[in-house]
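Pasting a structure here, questions to come.
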Amino acid sequence: MKFFVDSADVAAIAELNDLGMVDGVTTNPSIILKSGRDITEVTREICALVSGPVSAEVVATQADAMIAEGRKLAEIAENITIKLPLTWDGLKACKTLTDEGRMVNVTLCFSANQALLAAKAGATFISPFIGRLDDINLDGMELIEDIRTIYDNYGFETQILAASIRSANHMKEAALIGADVATAPPNVIKAMANHVLTDKGLAAFLSDWEKTGQTIL
Ligand code: G3P
């Protein structure tokens, strides 16, 4: 499973990138707001750092304007993926932009039917939002499972990009189902390394080592 970082925090992305943990980056208007940076500047910096796809989201709601914004965002760097919302206009823009050979990430997907339409429109990535479905007592992972089945049934090449990931457990479940990509904030990716028994075991090893009176270096 590929790891995308769901953030515009350049330092946090760089730290994970240095460890080989970053296959791409996703942003959205809320993430840009949180960064406090100019969208073009921060996206350009991220694209220079990360060689994989970097999603930058349009904010227009009509297809023609979405297409214009998408083309403009794509000028930032070669690895820009244009992010479009899963609306009828978004699907129209997806078809036009993918026909031009551009990468498109269709976002705000909350149903298998929406994902099916995105694949028909040629989306490179579909972003089902797990956490936001869980928030309203629906099963976000069930959606990932349904999309996996549908895409595999027909050989759609659109990649399932599990999004709105809130926990390390979400990462594991997305990987078990076979999501192609998971995008998560840096703290969630780092939390995957944590285990209480690792901490406990290390404390015991260090305590015993101290008793030996030895040093390695
Ligand atoms: O990848 C989509 C993500 O940015 C949304 O996450 O936690 O705001 O639902 P969240």
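The values are calculated or read from the model by the stated rules, or taken from the named source; none is laboratory data. Since we're looking at a predicted model, the values are computed, not measured. Don't worry about glycine lacking a Cβ; one is built from the backbone with ideal geometry, like all the others, and counts go over all protein chains shown. To get the accessible areas, we keep the full protein, side chains included, count just its heavy atoms, and leave off ligands, DNA and RNA. Shrake-Rupley method; radii C 1.70, N 1.55, O 1.52, S 1.80 Å.
Nearest 20 debye, what's the magnitude of the dipole of the stretch 2-212 about its Cα centre given +1 on Lys and Arg Cβ and -1 on Asp and Glu Cβ?
On the way: 18 positive and 29 negative charges, 26 e Å.
Computed about the Cα centre, the dipole is about 120 debye.
OK, next. So which residue, out of Ala123, Ala193, Ala168, gets the largest mean-square fluctuation from a GNM of the chain using Cα contacts under 10 Å as springs?
Ala193
Pull up the cross-link candidates among the lysines for Lys72, meaning alpha carbon to alpha carbon under 20 Å and not fewer than 8 places away within one chain.
Of all the lysines, those that pass the test against Lys72 - Cα under 20 Å, at least 8 places apart if same chain - are Lys83, Lys92, Lys95.
Something else about it: By the gyration tensor of its Cα atoms, with a ≥ b ≥ c the square roots of the eigenvalues, what is the shape of the stretch 1-153: rounded for a/c under 1.5, prolate for a/b over b/c, or oblate? It would help to have the intermediate numbers written out before the result.
Details: a/c = 1.64, a/b = 1.20, b/c = 1.36.
Verdict is oblate for the stretch 1-153.
Under 16 Å from a point placed 7 Å out from the Cα of Asp38 along the Cα-to-Cβ direction: which residues of the stretch 69-103 have their backbone N that close?
Taking a point 7 Å out along Cα→Cβ of Asp38, the residues of the stretch 69-103 whose backbone N falls under 16 Å are 73, 75-77.
At what distance in nm do the modelled label points of Lys2 and Leu176 sit from each other, each positioned 7 Å from its Cα along Cα→Cβ?
Result: 2.5 nm between the two label points.
While we're here: Can you tell me which lysines have their Cα less than 29 Å from the Cα of Lys200? Leave out same-chain residues fewer than eight positions away.
Lys172, Lys190, Lys211
How much accessible area per residue does the chain have, in Å², with a 1.4 Å probe? If you can, show how the numbers build up before the last one.
Working: 11410 Å² over 217 residues.
Per residue, the chain has an accessible area of 53 Å².
Any chance you could check the Cα centroid distance between the stretch 166-217 and the stretch 130-165 for me, in angstrom?
Using only Cα atoms to place each centre, the spacing works out to 26 Å.
HN-Hα J couplings of the stretch 154-159 from phi, Karplus 6.51/-1.76/1.60, θ = phi - 60°, integer Hz, Gly and Pro as x?
10, x, 5, 8, 4, 8
Turning to a different aspect of this structure: When the helix-only estimate is applied to the chain (DSSP H runs of n ≥ 4, each -39,500 (n - 2.57), divided by the residue count), what is the mean residue ellipticity at 222 nm, nearest 500 deg cm²/dmol?
Numbers: 11 runs with 114 residues, N = 217.
When only DSSP H runs of four or more count, the value is -15500 deg cm²/dmol.
Roughly to the nearest percent, how much of the accessible area of the chain is carbon and sulfur, given a 1.4 Å probe? Write out the running numbers ahead of the final one.
On the way: 6180 of 11410 Å².
Here it works out to 54 percent.
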